[in-house]
Each structure stands twice: as structure tokens, then as C-alpha cells.
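All remarks here apply to the structure that follows.
Any read-out appearing in this document is the output of simple, stated calculations on the displayed coordinates, not a laboratory observation. Bear in mind that the values here come from a model prediction, so they are computed numbers and not experimental data. Please note: Cβ atoms are built from the backbone with ideal geometry, for glycine as well, and neighbour counts cover all protein chains shown.
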Amino acid sequence: MADETRSTSSESSSGGDRPDRGERRPSRPGGPGGGREGGGGAGRKYFRRKKVCKFCVEKIEAINYKDIRLLAQFVAESGRIVPRRLTGVCTPHQRRLSLAIKQARNIALLPFAGRAA
């Protein structure tokens, strides 16, 4: 009996040939890759709203480098400029926004880097 338990435990602990290598665990509903099993968007639980440009909606023509409160919304905690795929800002406004952020950094209105962790 003791020999049988040792032989099974040594086989299961070895990292060599695993008989169940091809099988995968079933995915959890909230985990990564969840909601894709329906063959498309059938199992989607939420509706992602289309991102719209804040500057186009509020009809802001000029992005001023002195407006730190506005510019800080588009700078991450690490100090990086947030990309337009995350913010939803259109291309021309993203270009003007990045120039304004860089100008504000050069005259020390915004930090170049975030807080050291």
C-alpha cells in the first residue's frame, strides 16, 4: 500500500510527460477571455459606449498649455500622455493636446515624470 502511494505521487509530481496536457480548465465567467465562447458577441454582458472627442463635443477650439486642469486629465499618474484609443480624443485634437502637454512640461506646469513609488 505504501509503495502504491509513493509511485503515484512521484508520477504526478514529475514535470515530464503529463497525460492531461491537451486538456484545459474551463474558463471562468469573469476571467480573461471570458464571454468569447458564443462565437462572437452573443455572451456579452455589457455595452461599450463609443468614445467621443471631449474637445469636439464641448466645442473647444484652442487647447491652451496654461489650462493645467484640462491637460492633467490626459496625463497618466506615471506622467505619460494617455493614448487616444483610451481617451477617445480625435486625431487632430490629440496632436494639439500632446503639443500643449509638452509645452506645459517645459515651463514646469506639468511634471515630466510621475511620483516615485
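Would you work out if the range 55-106 is rounded, prolate or oblate? Take a ≥ b ≥ c from the square roots of the eigenvalues of the alpha-carbon gyration tensor; rounded if a/c is under 1.5, else prolate when a/b is larger than b/c, oblate otherwise.
Working: a/c = 1.68, a/b = 1.16, b/c = 1.45.
Oblate.
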- Report the one residue of F55, A72, L86 whose Cα lies farthest in the direction of the positive end of the charge dipole of the range 54-106 (charges on C-beta: Lys and Arg +1, Asp and Glu -1; origin at the Cα centre). L86
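Ranked highest first by average number of other Cβ atoms within 10 Å, how do 47-59, 86-98 line up? Don't jump to the answer; show the numbers that get you there.
Numbers: 47-59: 10.7, 86-98: 16.3.
By packing density, highest mean first, the sequence is 86-98, 47-59.
Let me spell out the model: positive unit charges on the Cβ of Lys and Arg, negative unit charges on the Cβ of Asp and Glu, origin at the Cα centre of the range 54-106. What dipole size does that give, in debye rounded to 20?
On the way: 11 positive and 4 negative charges, 31 e Å.
Using only the charged Cβ atoms, the result is roughly 160 debye.
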